[in-house]
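What follows is one structure encoded as structure tokens, with my remarks underneath.
The values are calculated or read from the model by the stated rules, or taken from the named source; none is laboratory data. All values derive from a computational prediction rather than experimental measurement. Cβ: placed from backbone, ideal geometry, glycine included. Neighbour counts: every protein chain shown. Quick note on the areas: whole protein, heavy atoms, side chains included, nothing else; ligands and nucleic acids left out. Shrake-Rupley method; radii C 1.70, N 1.55, O 1.52, S 1.80 Å.
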Amino acid sequence: MIYVIGIGSGEKDSMTFGAWAALEKCDVILGYRKYVELIRKYFPEKIFREYSMREEIKRCEYALKISRENPQQIIGLISSGDSGIYGMAGLILELADANGDSQIEIKIIAGVSASSICASILGAPLMNDYVVLSLSDLLTGWEIIERRIRAACLGDFVICVFNPVSKSPKRRENFRRACEIMLEYKTPDTPCGFVRNGGRYGESCEIMTLSEIADCESELDMFCTLIIGNSQSRIINGKFVTRRGYDM
């Protein structure tokens, strides 16, 4: 049995009851080292196996291997947020099919997405239709990402941005380009916000305008989530709110 678990922010109070219950059942827990560090304190008796960034296939294959060799063991494969949103759920299902491991039971456990956690910290910016985009071009080409940004802007969606920048100069250039594209469609005073380490130690947030966030490149990293408003977004008493359209 493999549980693919979304651990939210990694703090207990942001995990679903289902995620916590699944973690309690696991004999071995696998994940990116930063996420393992977050939950190790809750389950010191468990066996943990840490992986680096870009070792997603390796950790999924290991989970399948030990499940194949020891069907009695319960394996936990963790992702931050929700395992089915930029997490490990899709990959392990694909690999199980490719490797002929359809006999292994794989259960996907929902988690609280960073988009929900960060929205609650900023106010209520996701009250109407929104899209989630990642600016990481490791697995999706920049040409496709750019088309998606333009489509989201044309649809007047609120845009939630994961992985806005990294240490790579190219990724920082991509962030600047993304802001330029959004400013073609959205007004410079469009409300925006970003949250770092949402829901866990070191949490911080800031609300600003689109023109201001375009100049915040040096303040952002991979642990930040951005939310860019739409034409109905407002700052109300210091909170970022997108109006849903109720008559008041």
**Study point:** All lysines inside 30 Å of Lys107 as judged from Cα atoms, apart from same-chain residues fewer than 8 positions distant
**Key:** Lys12, Lys25, Lys34, Lys41, Lys46, Lys58, Lys65
Practice item. Calculate the radius of gyration of the Cα atoms of the chain to one decimal place, then report Dmax, the largest Cα-Cα distance, as a whole number, both in Å. Key: 19.2, 62
Point to revise | Size of electric dipole in region 1-127: Cβ of Lys, Arg +1 and of Asp, Glu -1, about Cα centre, debye, nearest 20 | key: 280
Exercise for review: Sort 196-208, 154-166 for me by packing, meaning the mean count of neighbouring Cβ atoms within 10 Å per residue, highest on top.
Suggested key: 154-166, 196-208
Check your understanding: Which order do peptides 19-25, 100-106 fall in by mean Cβ count within 10 Å, highest first?
Key -> 19-25, 100-106
Check your understanding: What accessible area per residue comes out for the chain, rounded to a whole number of Å², with a 1.4 Å probe?
Key -> 51
Point to revise | Spatial extent of region 1-103: Rg and Dmax, with the Cα atoms as the point set, Å | key: 12.5, 37
**Study point:** CD proxy at 222 nm, helix term only [per DSSP H run n ≥ 4: -39500 (n - 2.57); per residue of the chain; nearest 500]
**Key:** -10000 deg cm²/dmol
Point to revise | Beta bridges per DSSP with both ends in region 120-248, % antiparallel, nearest 5 | key: 70
Study note, to complete from the structure: The size of the Cβ-based charge dipole (Lys, Arg +1; Asp, Glu -1) of the chain about the Cα centre, to the nearest 20 debye, is 260
Review point. What order do you get for 45-56, 232-243, 74-85 when each peptide is scored by the mean count of other beta carbon atoms within 10 Å, highest first?
Key: 74-85, 232-243, 45-56
Review point. Expressed in nm to one decimal, what extension gain is obtained for the pair Lys34 and Lys12 from 0.36 nm per residue of sequence separation less their Cα-Cα distance?
Key: 6.4 nm
